[in-house]
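Reading through the structure tokens given below for one structure.
The values are calculated or read from the model by the stated rules, or taken from the named source; none is laboratory data. These numbers were taken from a predicted model, which means no experiment stands behind them. Here the Cβ is made from the backbone with ideal geometry for all residues, glycine too, and neighbour counts use every protein chain on show. Note: areas computed on protein heavy atoms with side chains; ligands, DNA, RNA excluded. Shrake-Rupley method; radii C 1.70, N 1.55, O 1.52, S 1.80 Å.
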Amino acid sequence: MEHLYPLLFEPNLHETVWGGKKLTTWKHLPEHAAPVGESWEVSAVPSSINIIANGDFKGMDLVSLINRYPTEILGEHVAKQYKGQMPLLVKFIDARDDLSIQVHPNDEMAQRVHGKFGKSEMWYIIDADPEASLYVGFKQEIDENEYKQRIADGTITDVLARHKVHAGDVFYLPAGRVHAICGGILLAEVQQSSDLTYRIYDYNRPGIDGKPRELHTDLAAKALDFHVEKDYRTHYSIQKECDCPVLSTPYFNVHIVDTSSPFHRNLIGNDSFVITMCLEGDCKIHIHKTGDEIELREGFSCMLPAVIADYDLIPMNGHTKVLETFIDKR
């Protein structure tokens, strides 16, 4: 077997009508003429697969490498459960303007209608303007008929739960939960590996090509969960110099590590790859098994193959905060 190491990736930016300039500025990348809304950090989605940027596999796409070493990279139980396919997609998102009101199908519907994974996801707010907010869930019970009427008359937002947000806020969005990021928010997103989105309402605005964007009213009606929750936020406790669990779902686990000194992480027992998103402060990742060491800059992400997921996070400038996601077989 060839030598496996922490994988860095070439920039994979997506231009959107609602995006801005924060991502290129944060990442110190050349500015785009069109607004950039998303940076797909680790993706095996066929329409936008990441290219490896470092080491012996530089220039190879992620899917090709996983096909070569599925159990070593994904983990034995992950490779078996997902038939050798990468099950997650992670992004950074810059919403200068409001995104469309949308919903995602669950695994059953997505497989039946599209032959793809469903899409449950989570948001971690990195930065937010003083009055920034987003929509998650319904604030009152409605049925499918009222839903369609409110789409037609443009009042759908009147029945959505709107949440003011600050850095560090987390929301879990299981498939079926209506949602929309609003303007003035920079966030990290972890989701199932799927590009399926049903657009419910888009404020009658044109897309980046100047044409009206397609709505998926009927498909969304079949995917929507109209149940009202008392609280849509994810509540968690975070401490310095600590591995802080944030979220545990059937599809992924999310932890935060915020440290000012070298911090040992041994996740071998999970038998899963680990994706590390650097939210604050550049760091080094040092692999215990091989001695490999890479630099992970703020605003970038790496993927650690399952067989080497025993490592140290080492702040380079006094402090680092990373978001880690993996699949816990336990």
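Note on Glu131 and Tyr236: the extension gain reaches 35.5 nm, defined as 0.36 nm multiplied by sequence separation minus the Cα-Cα distance. Taking 20 Å as the straight-line reach from the Cα of Lys80, the aspartates and glutamates in range (excluding those fewer than 8 positions away in the same chain) are Glu72, Asp107, Glu108, Asp271, Asp328. Once the 1.4 Å probe is applied to the protein heavy atoms, the stretch 242-326 comes out at 32 Å² accessible per residue.
Can you pull the percent of the chain's accessible area that's carbon plus sulfur, 1.4 Å probe, other chains left in place? Present the calculation step by step, with values, prior to reporting the outcome.
Working: 6570 of 13920 Å².
Of the solvent-accessible surface of the chain, carbon and sulfur hold 47 percent.
Residue separation times 0.36 nm, minus the C-alpha to C-alpha distance between Ile51 and His114: what's the value?
Working: separation 63, 0.36 × 63 = 22.68 nm, distance 2.55 nm.
Fully extending the segment from Ile51 to His114 adds 20.1 nm.
Partner aspartates and glutamates whose Cα lies under 16 Å from the Cα of Lys139, excluding those fewer than 8 positions away in the same chain, are identified as Asp158, Asp225, Glu229, Asp231.
Each residue of the stretch 240-256 was assigned a 3J(HN,Hα) from its phi angle through the Karplus curve 6.51 cos²θ - 1.76 cosθ + 1.60 (θ = phi - 60°); the sequence is 6, 6, 8, 8, 9, x, 10, 7, 10, 10, x, 10, 6, 10, 10, 10, 10 Hz, with glycine and proline shown as x.
Sites listed here are GluC sites (Glu not before Pro) in the stretch 1-62 whose DSSP assignment is loop and whose Cβ has at most 12 other Cβ atoms within 10 Å: Glu2, Glu31. Scalar couplings 3J(HN,Hα) for the stretch 277-290, obtained by applying the Karplus form with A = 6.51, B = -1.76, C = 1.60 to θ = phi - 60°, are 9, 8, 8, 8, x, 4, 9, 10, 10, 10, 8, 5, 5, 10 Hz; x denotes Gly and Pro. Note on Lys148: aspartates and glutamates with a C-alpha under 12 Å away, same-chain residues under 8 apart excluded, are Asp218. Farthest towards the positive end of the charge dipole of the chain, among the residues Leu173, Phe117, Ala161, is the Cα of Phe117, using unit charges on the Cβ of Lys, Arg, Asp and Glu.
Holding the Cα-Cα limit at 18 Å, pick out from Lys27/Lys91; Lys21/Lys211; Lys91/Lys321; Lys58/Lys116 the pairs that are longer than that. It would help to have the intermediate numbers written out before the result.
Numbers: Lys27/Lys91 13 Å; Lys21/Lys211 22 Å; Lys91/Lys321 16 Å; Lys58/Lys116 28 Å.
From Lys27/Lys91; Lys21/Lys211; Lys91/Lys321; Lys58/Lys116, over 18 Å: Lys21/Lys211; Lys58/Lys116.
Projected label points at Gln140 and Asn67, each 7 Å from Cα along the beta carbon direction, are separated by 5.3 nanometres. When the residues Trp123, Trp26 are ordered by accessible surface, computed with a 1.4 Å probe over the protein chains alone, the sequence from largest down reads Trp26, Trp123. With n ≥ 4 as the cut-off for DSSP H runs, can you work out [θ] at 222 nm for the chain, using -39500 (n - 2.57) per run divided by the number of residues, rounded to the nearest 500? Calculated at 222 nm, the ellipticity per residue is -3500 deg cm²/dmol.
Subtracting the Cα-Cα distance of Ala152 and Lys222 from their residue separation scaled by 0.36 nm leaves 23.5 nm.
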